[in-house]
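Contents: one structure, followed by commentary.
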Amino acid sequence: QGPDEAAAWQAMLTEAWQLIERSYPGYAPGVAAGLRVIVPLANDVPGRQISAAARQAFGAVAIARPATGADLALLILHEFQHVKLGALTDMFDLTDRTDQRTFFAPWREDPRPLGALLQGTYAHVAVTDYWRVRRHVPGPGAVASAEQFARWRMMTAEALDTLDGSGALTRLGGRFVEGMRATVAPWLAEQVPAAAQE
């Protein structure tokens, strides 16, 4: 794409990283240690958020350059959750791999195998946390951020219930899901404006 696109990426990445370090310090060490490559994706709709991670490519995420550095921070946090969990599931079975059932994922129309639901849920813990923090940033986006927080905490909690009720988590997988629930449970009690909750 040329030097202008490279410069735009560099400026946006700097902004995103500063936001992660400042506002999401619990995630920053893992991202700093493990993220090595951001593969730019084509995007024919400027600002549309497109991202992916591949289990076979530890340390890499693919992202189309979004509209803002804050959006890039969200996509990095989201995709690096997939990277981390992919590495963990390479070492340990968290689900019964012989279970062929599919399960509803609140953020998708198609049912997912349990391992994929676990991946999505772990990623959306970070998405929920992102909006939990962003809703306190003063400005015109605060209500929209609170709405995103309310939406994602509800969907993530629902997915955790599905994982718990599946009967197909290993003992270690059950502990992992319990850890996610311990993170998300207090967020369900946090107050958001009535308009955002509706």
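The values are calculated or read from the model by the stated rules, or taken from the named source; none is laboratory data. None of the values given here were measured: they were computed from a predicted structure. So basically every Cβ, Gly included, is an ideal-geometry build from the backbone, and we count neighbours across all protein chains shown. Just so you know, the surface numbers come from the protein's heavy atoms only, side chains and all, with ligands and any DNA or RNA stripped out. Shrake-Rupley method; radii C 1.70, N 1.55, O 1.52, S 1.80 Å.
Quick one: putting +1 on the C-beta of Lys and Arg, -1 on the C-beta of Asp and Glu, what dipole do you get for the chain around its Cα centre, in Debye to the nearest 20?
Details: 18 positive and 21 negative charges, 57 e Å.
Dipole about the Cα centre, nearest 20: 280 debye.
Express the C-alpha Rg of region 1-114 as a ratio against the empirical globular expectation 2.2 N^0.38 Å, rounded to two decimals.
Numbers: Rg = 15.9 Å, N = 114, 2.2 N^0.38 = 13.3 Å.
Its radius of gyration relative to the 2.2 N^0.38 Å reference: 1.20.
With a 1.4 Å probe and all protein chains left in place, how much of the accessible area of region 63-138 comes from carbon and sulfur atoms, in whole percent?
Details: 1740 of 3260 Å².
Carbon with sulfur: 53 percent of the solvent-accessible area.
Scaled to the compact-protein estimate 2.2 N^0.38 Å, what is the alpha-carbon radius of gyration of region 56-196, rounded to two decimal places? Don't skip to the answer; put the middle values down first.
Working: Rg = 15.7 Å, N = 141, 2.2 N^0.38 = 14.4 Å.
Dividing the Cα radius of gyration by 2.2 N^0.38 Å gives 1.09.
In the Gaussian network model of the chain, springs joining C-alpha atoms below 10 Å, which of Thr183, Thr156, Thr95 carries the largest mean-square fluctuation?
Thr183
With a probe of 1.4 Å, find how much accessible area region 37-131 has per residue, and write the answer as a whole number in Å².
Details: 4470 Å² over 95 residues.
The answer is 47 Å² per residue.
Which one, His124, His78, His136, has the greatest fluctuation when you compute a Gaussian network model over the chain with C-alpha springs under 10 angstrom?
The residue with the greatest mean-square fluctuation here is His136.
If a helix is a whole DSSP H run, which ones in the chain reach 20 Å or further along their own axis (Cα) and hold a mean Kyte-Doolittle hydropathy of at least 0.0? Don't jump to the answer; show the numbers that get you there.
Details: long enough: 3-23 (30 Å, -0.35); 69-91 (33 Å, 0.69); 114-134 (30 Å, 0.21); 142-165 (34 Å, -0.03); 171-188 (25 Å, 0.16).
Those that clear 20 Å and a mean of 0.0 are 69-91, 114-134, 171-188.
What residue among Val83, Val37, Val61 has the largest mean-square fluctuation in a Gaussian network model of the chain, using Cα springs under 10 Å?
Top of the fluctuation ranking is Val37.
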